[in-house]
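Data first, discussion second: the structure below is written as structure tokens.
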Amino acid sequence: MTTQFQEMISGLTGGTGTMGEMMASMGAALLFAAIMCTAYRFANVKMNFRPQFAVTLIVLAFVSTILMNLIQSNLALSLGMLGALSIVRFRTNIRDPRDIGFIFWSMAIGIAAATQSYVIGAIGCLVLSVIMIVSKNKTGLQSPMLLVIRGSNTDIEQIQGVMDRAPGQNRVKAKNVLAESFELVYEVQLPQKEENGMILEIFELGGIDSVNLLAQNAQMG
């Protein structure tokens, strides 16, 4: 019975690897994924940390390990998998460009674990962890948002002066000026604690009807 079970496992793995090796690769993937998720947590400020994305990274690491265990002994299947991956397109909005690095990191974990390259995987995880944590956004800036200012009797140059003095980054996205009113749309990225102060300063200019701060994917009417 044991021999038949081993033969079945050998057949499922393409004739390479044993159950022990498969379990070892999955265990290594779990360890490397834990290091990656810890780095992801400390590489982001609290407002930018997304637990769902961290879970996705772990799942992707395990999926990569499983796929590599299945295809590493089959050249035709490997080429087919590469062809399939070449047409993948990211549909989800990536808030931080470094998230793409974490995605490829999780895929590299699967490759390292499935090929028993544990030393390379461990060193790579440590090096990447240091790089990601050191490059952490320590300014506390939020993701870019849209600031919509509507008014009638205010000098637009004064509003621009307020925006220039505001901490963080901003740029004009749209400027609609009518005979008796105007609408300005800025893309802003600033610390959350500074939002209310900047909005109040804009209202103090007078002639401001409304100030709306919207997420990038919000629909404006």
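So who's got an amide H within less than 5 Å of the one on Lys173, skipping anything under 5 residues away but keeping other chains? H placed 1.01 Å off N, in plane.
So Lys173 has HN proximity to Val185, Tyr186, Glu187.
Tell me, what HN-Hα J-couplings in whole Hz come from the Karplus equation 6.51 cos²θ - 1.76 cosθ + 1.60 at θ = phi - 60° for each residue of the range 153-161, using x for Gly and Pro?
10, 10, 5, 4, 5, 5, 5, 5, x
Of Ile103, Ile111, which has the most accessible area and how do the rest follow, probe 1.4 Å? Can you show the working numbers first?
On the way: Ile103 20, Ile111 85 Å².
Sorted descending by solvent-accessible area, the residues read Ile111, Ile103.
Simple spin-label model, 7 Å along Cα-to-Cβ: Val59 to Glu183 in nm?
3.8 nm
By a straight-distance test (C-alpha under 19 Å), which aspartates and glutamates pair with Lys193 as possible cross-link partners, with residues fewer than eight away in the same chain excluded?
Those aspartates and glutamates meeting the cut-off are Asp164, Glu201, Glu204.
For Asn212 and Arg41, what does the FRET efficiency come to when R0 = 45 Å and r is the distance between their Cβ atoms, rounded to the nearest 0.05?
Values: r = 32 Å, r/R0 = 0.72.
Efficiency, rounded to the nearest 0.05: 0.90.
Give the shape of the range 162-207 as rounded, prolate or oblate, defined through the alpha-carbon gyration tensor: a ≥ b ≥ c are the square roots of its eigenvalues, a/c under 1.5 means rounded, and otherwise the shape is prolate if a/b is larger than b/c and oblate if not. Spell out each step's value before the answer.
On the way: a/c = 2.93, a/b = 1.47, b/c = 1.99.
Taking the square roots of the gyration eigenvalues as a ≥ b ≥ c, the range 162-207 is oblate.
Equivalent ellipsoid semi-axes for the range 100-171, as square roots of 5 times the alpha carbon gyration tensor eigenvalues: give them largest first, rounded to whole Å.
Numbers: eigenvalues 450, 34, 7 Å².
Sorted largest first and rounded, they come to 47, 13, 6 Å.
The values are calculated or read from the model by the stated rules, or taken from the named source; none is laboratory data. As the structure is a prediction and not an experimental result, all values here were calculated from the model. Note that each Cβ is placed from the backbone with ideal geometry, even for glycine, and that neighbours are counted across all protein chains shown. The accessibility values were calculated without ligands, DNA or RNA, using every heavy atom of the protein model including side chains. Shrake-Rupley method; radii C 1.70, N 1.55, O 1.52, S 1.80 Å.
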